[in-house]
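Reviewing the structure listed below.
The values are calculated or read from the model by the stated rules, or taken from the named source; none is laboratory data. Just so you know, these numbers come straight off a predicted model, no measurement behind them. Glycine also receives a Cβ, built like all others from the backbone with ideal geometry; neighbour counts cover every protein chain displayed. Note: accessible area is taken over every heavy atom of the protein model, side chains too, but ligands, DNA and RNA are not part of it. Shrake-Rupley method; radii C 1.70, N 1.55, O 1.52, S 1.80 Å.
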Amino acid sequence: MAKQKPKDVLAQQEKVAAADGLAIIAPIYWMNFPAILRGWVERVFTYGFVYTMTPEAWRLGDLSGRRP
């Protein structure tokens with residue numbers, strides 16, 4: 001059974017999908033984004049929404065099998 005995404009994540013994904021482009025302007029702390037931005041990216045840019053993988057990639061572990 002597939003896990004349902006929270007409503008706030010679905011709302012953000014709709015906004016991202018409707019956008020013509022996305023620019024993230026943020027400071028970099030210790031080679032990463034601030035925690036709140038990183039949390040947003042990890043919740044919104046999920047498997048199935050931003051990328052998927054080919055069956056070969058799952059079987060063989062080939063990262064070039066990612067699909068945008």
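What to note about this one:
- THR46 being touching a Lys or Arg at 6+ places or on another chain (Cβ under 7 Å), of a type outside the set (Lys, Arg) and at pLDDT below 95: no
- Candidate set from the range 1-10 (those that are more than 14 Å from the chain's Cα centre (by Cα) and hydrophobic (A, V, I, L, M, F, W, C)); member that is least open to solvent (accessible area, probe 1.4 Å): ALA2
- Considered as a group, the residues in the range 11-30 that are more than 16 Å from the chain's Cα centre (by Cα) and within 22 Å of TYR51 (Cβ to Cβ) include one that is modelled with the lowest pLDDT, and that residue is ALA26.
- Candidate set: the range 50-67, residues that are open to solvent by 50 Å² or more (accessible area, probe 1.4 Å) and under 23 Å from LYS5 (Cβ atoms); chosen: the one modelled with the highest pLDDT: VAL50
- If the condition is being surrounded by fewer than 13 Cβ atoms within 10 Å (Cβ to Cβ), in a loop (DSSP other than H, G, I, E, B) and among the hydrophobic types (A, V, I, L, M, F, W, C), then the range 14-49 contributes ALA19, LEU22, ALA23, ILE24, ILE25, ALA26, ILE28, TRP30, MET31.
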